[in-house]
Amino acid sequence: MASKLLSPAPVLARQCLPKLPARTGARLHLPQRRYISAYGYEQAKALTFADYGNPPAVLSLHSHSISPPHSNLMTLRFLASPINPADINQIQGVYPSKPTFTTSLSTANPIAVAGNEGVAEIIALGDKVKQEGFKKGDWVFMKGPGFGTWRTHAQATTGDVVKLDDQMREGISAIQAGTVSINPCTAYRMLRDFTTLKEGEWFIQNGANSGVGRAAIQLGKKWGYKSINVIRGRDDKSAEDKLKSELKELGADVVITDTELQSQGIKDMSKEWTNGGREKIRLALNCVNGKAATAMAKLLSSSSHFVTYGAMSKQPLTIPASMLIFKDIHFHGFWVSRWAEKNPEDKKATVADVLEMYRKKEFKDIPVDEIKWEWETKGEELIAKVKDTLEGYREGKGLFVFGKT
Ligand SMILES: NC(=O)c1ccc[n+]([C@@H]2O[C@H](COP(=O)([O-])OP(=O)(O)OC[C@H]3O[C@@H](n4cnc5c(N)ncnc54)[C@H](OP(=O)(O)O)[C@@H]3O)[C@@H](O)[C@H]2O)c1
C-alpha cells in the first residue's frame with residue numbers, strides 16, 4: 001500500500017535540514033509561513049487517526065515531511081478531496097476497506113490518513129516515474145480506496161494512481177476531477193451492468209439527491225431512460241419543493257419523498273407515470289434500505305433487477321419471499337472498488353466518458369460545500385467541517401479544496 005512507501009526516513013530528513021525556526025509562527029509572533037526546503041523535502045499536513053471511532057473524536061491534524069522522490073516515487077500535492085459517506089464509515093471502522101496504519105509519517109504509534117477520493121498534481125517525480133510517461137504538473141486520482149486523501153501532500157508510486165491524460169483533463173476543474181472516480185462511476189455501472197434498459201424504460205432509485213443519485217439521473221436522461229427518484233422528505237415544504245425542482249431540472253422524470261413512496265395510492269400513481277404500467281420499471285438502485293427500499297422493490301416489474309449499493313438509513317433490507325419466488329426479482333449488491341479492481345481499464349474508460357460529458361456540458365457538478373484548506377488552516381476547523389457532514393440535511397457534499405499548501 002502507498003503508505004508503506006512513504007519516506008521511511010522522515011526523522012533523518014529533519015536531521016539533514018539546516019536548523020530553521022520551528023514552523024510555529026504564533027510563538028515567534030510572525031504569521032505562519034510555509035517553509036520550502038532547498039533540499040527538496042516537502043512539508044505536509046494530513047487528517048489522521050490512530051484508532052477507529054467517531055471522526056471528530058479520533059481525527060487530528062498531523063504535520064510531517066516528505067523526502068525528495070527518487071526512482072519510482074512521486075510527490076503529490078492534493079487539489080480537491082471530498083468527504084464521502086464511505087470515508088466516515090472507514091474512520092468509524094465499519095467499512096470493509098481498511099486504511100494502512102503506519103509509523104512512516106514520523107509518529108511513534110501507527111496512524112492512518114483519512115479519505116479515499118481526490119485529485120492531486122505531481123510536483124516532483126523520480127526517474128522511473130518519468131520513464132512511465134508521468135511529468136510534473138500531471139493530475140492523478142487514486143487507483144483504489146485506502147490511500148488517504150485528506151492531506152496536503154503525499155508520496156506515491158505509479159501503482160497508487162491513475163493519470164488523467166492531458167486530453168482527459170482539458171476543461172475539467174479540480175472539483176470535477178476530484179469527485180469523478182467514485183459516485184459517477186457507481187451510477188454509470190449500475191445503470192449499465194445489471195440489465196439492459198431500453199430507451200423509454202424506467203428505473204427507480206432512492207437517495208436521489210446524493211452524488212450517486214444525481215449522477216444516475218443525468219446519465220439515465222442522456223441514455224433515454226426514465227426515472228422515479230425518491231428523496232427524504234423535508235419539514236420545510238418549500239425546501240422540499242425546491243429540491244424536487246432541482247432534480248427535475250437535472251433530468252428526473254418523477255421525484256417523490258420516501259413518505260409518498262409508502263403511501264396508499266403509490267401503485268396508481270406509478271401506473272399513471274408509466275402509461276398504465278405498459279412502460280416497465282426494470283431496475284431499482286438502493287442506498288437507503290429499511291421499509292422505503294421494500295416499497296421501492298414493490299413497484300418493479302416482474303424479473304427486474306434491484307441493486308443495493310449503500311446503507312444510509314442503517315436499517316436492514318427486508319424482502320418478502322414472494323418477490324423472489326413469484327415476481328422473480330433479482331437482488332444484487334454493487335461495490336465500485338471491487339468492480340474497479342477487477343476492471344481497471346473499464347474504470348478508466350468510464351471516468352473518461354463522464355469527463356467528456358462534463359466537457360460537453362451534459363453533466364452538472366454536484367453541489368459542494370467547499371472547505372478551504374490553506375497551510376495555516378487549523379485542525380479544529382477542518383475537523384469541525386467533517387463533523388458537520390455527519391449532521392442533518394446538507395446543501396452539498398463537503399469537499400476539501402486546497403489553497404496555498
Ligand atoms: N457501493 C459503492 O460502490 C458506492 C459508491 C459510492 C457511494 N456509495 C454509497 O452511496 C450512498 C450515497 O453516497 P454519496 O457519496 O452519493 O452521498 P452524498 O452525496 O454524500 O449524499 C448523502 C445522501 O445520503 C442521504 N442520507 C443521509 N442520511 C440518510 C438517512 N438516514 N436515510 C436516508 N438517506 C440518507 C442524503 O439525503 P438528503 O439528500 O435527504 O440529505 C444524501 O442524499 C452512500 O451510502 C455511499 O456509501 C456506494
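Please tell me if Leu247 is among the hydrophobic types (A, V, I, L, M, F, W, C), at pLDDT 95 or above and within 12 Å of the ligand (Cβ to nearest atom).
Values: among the hydrophobic types (A, V, I, L, M, F, W, C): yes; at pLDDT 95 or above: yes; within 12 Å of the ligand (Cβ to nearest atom): yes.
The answer is yes for Leu247.
Right, Arg232: surrounded by 23 or more Cβ atoms within 10 Å (Cβ to Cβ), within 24 Å of the chain's Cα centre (by Cα), within 14 Å of the ligand (Cβ to nearest atom) and of a type outside the set (A, V, I, L, M, F, W, C) or not? Can you show your working first?
Details: surrounded by 23 or more Cβ atoms within 10 Å (Cβ to Cβ): no; within 24 Å of the chain's Cα centre (by Cα): yes; within 14 Å of the ligand (Cβ to nearest atom): yes; of a type outside the set (A, V, I, L, M, F, W, C): yes.
When the stated conditions are applied, Arg232 does not pass them.
Quick one: would you say Leu197 is under 20 Å from Ser337 (Cα atoms) and more than 10 Å from the ligand (Cβ to nearest atom)? If you could, list the steps in order and put the result at the bottom.
Numbers: under 20 Å from Ser337 (Cα atoms): no; more than 10 Å from the ligand (Cβ to nearest atom): yes.
When the stated conditions are applied, Leu197 does not pass them.
So, Thr294, is that one of a type in the set (S, T, N, Q) and not assigned by TED's automatic domain parsing to the domain that holds Leu243 or not? Quick ask: steps written out before the conclusion?
On the way: of a type in the set (S, T, N, Q): yes; not assigned by TED's automatic domain parsing to the domain that holds Leu243: no.
In short, no.
Might you check whether a residue that is of a type in the set (A, V, I, L, M) and more than 19 Å from Gly213 (Cβ to Cβ) occurs anywhere in region 254-265? I'd like the intermediate steps shown before the answer.
Taking region 254-265 first, the residues of a type in the set (A, V, I, L, M) are 254-256, 261.
Imposing the further condition that a residue be more than 19 Å from Gly213 (Cβ to Cβ) reduces the set to none.
The answer is no, given that none of the residues of region 254-265 is of a type in the set (A, V, I, L, M) and more than 19 Å from Gly213 (Cβ to Cβ).
Answer with yes or no whether Glu240 is of a type in the set (D, E, K, R), more than 11 Å from the ligand (Cβ to nearest atom) and over 20 Å from the mean Cα position of the chain (by Cα). Walk me through how you get there before you give the answer.
Values: of a type in the set (D, E, K, R): yes; more than 11 Å from the ligand (Cβ to nearest atom): no; over 20 Å from the mean Cα position of the chain (by Cα): yes.
Spelling it out, it is not the case that Glu240 is of a type in the set (D, E, K, R), more than 11 Å from the ligand (Cβ to nearest atom) and over 20 Å from the mean Cα position of the chain (by Cα).
If I filter region 240-293 down to residues being in a loop (DSSP other than H, G, I, E, B) and in contact (Cβ under 8 Å) with a residue 60 or more places away in the chain, which single residue comes out as nearest to Ile366 (Cα to Cα)?
First, the residues of region 240-293 that are in a loop (DSSP other than H, G, I, E, B): 251-253, 262-265, 274-280, 287-289.
So of that shortlist, the ones also in contact (Cβ under 8 Å) with a residue 60 or more places away in the chain come out as 274, 279-280, 287-288.
Values: Thr274: 28, Glu279: 30, Lys280: 29, Cys287: 17, Val288: 19 Å.
So, considering only residues that are in a loop (DSSP other than H, G, I, E, B) and in contact (Cβ under 8 Å) with a residue 60 or more places away in the chain, the one nearest to Ile366 (Cα to Cα) is Cys287.
Collect the residues in region 48-78 that are of a type in the set (A, V, I, L, M, F, W, C) and under 17 Å from Gln155 (Cβ atoms), keeping them in residue-number order.
Ile66, Leu73, Met74, Leu76, Phe78
Quick one: what pairs do we get from region 392-405, first residue within 15 Å of Ser81 (Cβ to Cβ) and away from the ligand (no atom under 14 Å from the Cβ), second in a loop (DSSP other than H, G, I, E, B) and at pLDDT below 95, C-beta under 7 Å, 6+ apart or different chains?
So the pair list comes out empty.
Return the residue satisfying two criteria in turn: it lies in region 219-239 and is of a type in the set (A, V, I, L, M) and in a helix (DSSP H, G or I), and of such residues it is farthest from Tyr358 (Cα to Cα). Show your work before the answer.
Quick first cut of region 219-239, residues of a type in the set (A, V, I, L, M) only: 219, 228, 230-231, 239.
Still in the list and also in a helix (DSSP H, G or I): 219, 239.
On the way: Leu219: 11, Ala239: 27 Å.
Looking at the filtered set, the residue picked out is Ala239.
Any residue that is free of Cβ contacts under 8 Å to residues at least 12 places away in the same chain, farther than 20 Å from Glu341 by Cβ, surrounded by fewer than 18 Cβ atoms within 10 Å (Cβ to Cβ) and assigned by TED's automatic domain parsing to the domain that holds Thr377 - is there at least one of those in region 134-152?
Of the residues in region 134-152, the ones free of Cβ contacts under 8 Å to residues at least 12 places away in the same chain are none.
Checked region 134-152: no residue is free of Cβ contacts under 8 Å to residues at least 12 places away in the same chain, farther than 20 Å from Glu341 by Cβ, surrounded by fewer than 18 Cβ atoms within 10 Å (Cβ to Cβ) and assigned by TED's automatic domain parsing to the domain that holds Thr377.
Being under 29 Å from the mean Cα position of the chain (by Cα) and either away from the ligand (no atom under 11 Å from the Cβ) or modelled with pLDDT under 95 (or both) is the filter here, so list the residues in region 315-328 that pass it.
Of all residues in region 315-328, those under 29 Å from the mean Cα position of the chain (by Cα) come to 315-319.
Those that are under 29 Å from the mean Cα position of the chain (by Cα) and either away from the ligand (no atom under 11 Å from the Cβ) or modelled with pLDDT under 95 (or both): Pro316, Leu317, Thr318, Ile319.
Report yes if some residue within region 338-347 is in contact with a Lys or Arg (Cβ under 8 Å, 6 or more places away or on another chain), over 19 Å from Ala215 (Cβ atoms), touching a residue at least 40 places away in the same chain (Cβ under 8 Å) and within 16 Å of the ligand (Cβ to nearest atom); otherwise report no.
yes
Select, from Ser3, Ser81, the only residue that is within 30 Å of Tyr309 (Cβ to Cβ) and at pLDDT below 95. Before you say what the answer is, go through the steps one by one.
On the way: Ser81 fails: at pLDDT below 95.
After applying the criteria, what remains is Ser3.
The values are calculated or read from the model by the stated rules, or taken from the named source; none is laboratory data. Computed from a predicted model, the values in this text were never measured in an experiment. Heads up, the Cβs are rebuilt from the backbone with ideal geometry, glycines too, and the neighbour counts pull from every protein chain shown.
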